[in-house]
Amino acid sequence: MVAEVVVGAQWGDEGKGKVVDYLAEGADYVVRFNGGDNAGHTIRAGGLELRLHILPSGALRPGTALVIANGVAVNPERLIEELEGLTRLGAPEPRLFISDRAHVILTHHIELDREQEERRGGMRIGTTGRGIGPAFADKVSRVGVRMGELLDAKTLRARLRLSLGARGGVPGRGQVSGLERLCLRAGRRLRRHICDTSALLNRALGEGRRVLFEGAQGTLLDPDHGTYPYTTSSSAVAGAASVGAGVGPRRIDHVLGVVKAYTTRVGLGPFPTELGGEVGEHMLRMGGEYGTTTGRARRCGWLDLVALRHARDVNGLDALAVTKLDVLGGLRRVRVATAYRVRGRRVEGFPASSRALDIVKPEYRVFEGWPALGPEEWASRASGGLEALPDAARVYLDFIVSELETPIELVSLGPSREATIDLRPGRQ
Ligand code: IMP
């Protein structure tokens, strides 16, 4: 397999970072194609723990080049900090390529993100406050600044004036030159990484190199297919890999959807299977469900097959990676939503309206739970394959496969690479 896309099938935080790090063994390139530093991945390998927001999750795989492609919005300061953080950890500076077409997140985007949230009041989205919405809004309004312009002092000033002016009024000279200085300094630091990444990736794919496209956020945060308006601002489905990296759709060989064994969501918006009480508390505590980017406690709930069928279809999922199955250990019963009821009517499709999603009542299938085991026990079970899992956990996985009519390729039982059951053809 040459080109594989990994996307989140829920509301983000499915464990894509771990899955991408695992799959990146032997990959030539790991490519980010959407989002910005609103994403957060934690990778644990070789005694190192790395929290990444903007760099791709192949950062701990020596020999794997990292690409930040055109579909990403880049905060250059944060990227530089992340590169410096890698050096401090003793990791070698990665082979990094940044698209000259990627848009830049500027200071005023971050201010505007926070102001807009305040103005929304009760209709707040609960954004990460990283300036994502305003940066992508500038992009589609054609007043954005692109990474290539950080290297081009002549164009930069005019572009900055446009972007600042888009908020109304004429930007002050001091404001423009302050921002210009910051941008040029970042440009000097990142110069050697900035290039045409679409040309690079097309060449690599033509030579049969292995490329992993790493989605940020998740399907239900996608502005078209997610719970609009409670979504992010760049496309988070598999098709976005093609647009956001500048490779044709027929280049993609395989689409893997990452599914947490239960559901979480940060920020506001509908969440039909959300749980309060003891079970939600169990998921929060055992799953360490706190945002990597914002530290916010995530909302937790049961697995939702209505949402997952939608995710399967809009992404064209070939296979699933089920993560955090260990976290459900210790619950007496485990539930899975198989359909919704809206005003007494049974629906199997995922409604477009957030208001409808707020009032649906999930129909649940109930399963026996399985025991809580320690991290070492789960890792050792992983080495025994599916047969070593508790029977009830296997029944749960079989049900997901049969309902979604999609095979599982990876099962993750903990944060380490070892705690992974690899069911990919030829790997068992
Ligand atoms: P924004 O992307 O910062 O504009 O935030 C919009 C919505 O997407 C909010 O509900 C965020 O909590 C959510 N969000 C953005 N990035 C992530 C992520 O990487 N994981 C989970 N939720 C995210």
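The values are calculated or read from the model by the stated rules, or taken from the named source; none is laboratory data. None of these values were measured; they are calculated from a predicted model. Glycine gets a Cβ as well: all are built from the backbone with ideal geometry, and neighbour counts include every protein chain shown. SASA here: full protein model, heavy atoms, side chains in, ligands and nucleic acids out. Shrake-Rupley method; radii C 1.70, N 1.55, O 1.52, S 1.80 Å.
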task = Count, please, the residues in the stretch 230-270 that happen to be within 22 Å of Ser141 (Cβ to Cβ) and out of contact with any helix residue (DSSP H, G or I) (no Cβ under 8 Å at 6 or more places or on another chain).
result = 3
remark   = Over the stretch 231-274, the set of residues of a type in the set (D, E, K, R) and in a loop (DSSP other than H, G, I, E, B) is Asp253
inquiry  = Can you confirm whether Gly40 is under 14 Å from Thr197 (Cα atoms) and either within 14 Å of the ligand (Cβ to nearest atom) or not acidic (Asp, Glu) (or both)?
reply    = no
inquiry  = Out of the residues in the stretch 122-179 meeting the condition of being β-branched (Val, Ile, Thr) and within 29 Å of the chain's Cα centre (by Cα), tell me which one is nearest to Asp196 (Cα to Cα).
reply    = Val145
ask   = For the stretch 386-410, how many residues meet the condition of being outside any helix (DSSP H, G or I), within 27 Å of the chain's Cα centre (by Cα) and not polar (S, T, N, Q)?
value = 5
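Where residues in the stretch 137-159 are more than 26 Å from Arg188 (Cβ to Cβ) and within 15 Å of the ligand (Cβ to nearest atom), which of them is most open to solvent (accessible area, probe 1.4 Å)? Working first, answer last.
Here is the first cut: in the stretch 137-159, the ones more than 26 Å from Arg188 (Cβ to Cβ) are 137, 140-142.
If we keep only those that are within 15 Å of the ligand (Cβ to nearest atom) too, we end up with 137, 140.
Values: Ala137: 46, Val140: 109 Å².
Across the stretch 137-159, the extreme among qualifying residues is Val140.
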key: Selection within the stretch 27-59 - under 28 Å from Asp100 (Cβ atoms), open to solvent by 10 Å² or more (accessible area, probe 1.4 Å) and not in a strand (DSSP E or B)   = Asp28, Asn38, Gly40, His53, Ala59
ask   = Got a number for residues in the stretch 409-428 being open to solvent by less than 40 Å² (accessible area, probe 1.4 Å), touching an Asp or Glu at 6+ places or on another chain (Cβ under 9 Å) and not basic (Lys, Arg)?
value = 9
request  = Spot the failing condition for Gly385; the list is (1) touching a residue at least 12 places away in the same chain (Cβ under 8 Å); (2) at negative phi, and only one is missed.
outcome  = (2)
remark   = Residues of the stretch 180-226 being among the small types (Gly, Ala, Ser) and under 23 Å from the mean Cα position of the chain (by Cα), in sequence order, are Ser198, Gly215, Ala216, Gly218, Gly226
message = Being within 14 Å of the ligand (Cβ to nearest atom) and without any contact (Cβ under 8 Å) to a residue 60 or more places away in the chain narrows it down to one residue among Ala236, Ala297; which is it?
response = Ala297
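The rows are residues; the columns are (1) open to solvent by less than 30 Å² (accessible area, probe 1.4 Å); (2) more than 17 Å from Ile54 (Cα to Cα); (3) at pLDDT 95 or above.
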residue: Asp100; (1), (2), (3): no, no, yes
residue: His103; (1), (2), (3): yes, no, yes
residue: Met123; (1), (2), (3): no, yes, no
residue: Ala135; (1), (2), (3): yes, no, yes
task = Considering each of Val258, Val322 in turn, give the residue that is within 16 Å of the ligand (Cβ to nearest atom) and open to solvent by less than 40 Å² (accessible area, probe 1.4 Å).
result = Val258
inquiry  = Being open to solvent by 60 Å² or more (accessible area, probe 1.4 Å), closer than 23 Å to Leu305 by Cβ and not charged (D, E, K, R) is the filter here; which residues of the stretch 369-408 pass it?
reply    = Val395, Ser402, Pro407
message = Just checking, does the stretch 233-253 include any residue being surrounded by fewer than 22 Cβ atoms within 10 Å (Cβ to Cβ) and in contact with a strand residue (DSSP E or B) (Cβ under 6 Å, 6 or more places away or on another chain)?
response = yes
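Could you list, in sequence order, the residues of the stretch 356-365 that are open to solvent by 70 Å² or more (accessible area, probe 1.4 Å) and either in contact with a strand residue (DSSP E or B) (Cβ under 6 Å, 6 or more places away or on another chain) or touching a residue at least 60 places away in the same chain (Cβ under 8 Å) (or both)?
Asp358, Lys361, Tyr364, Arg365
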task = Find all pairs meeting these conditions: Cβ atoms under 6 angstrom apart; at least six residues apart or on different chains; first residue within the stretch 106-120 and farther than 14 Å from Ser233 by Cβ; second residue of a type in the set (Gly, Ala, Ser).
result = Arg114/Gly129
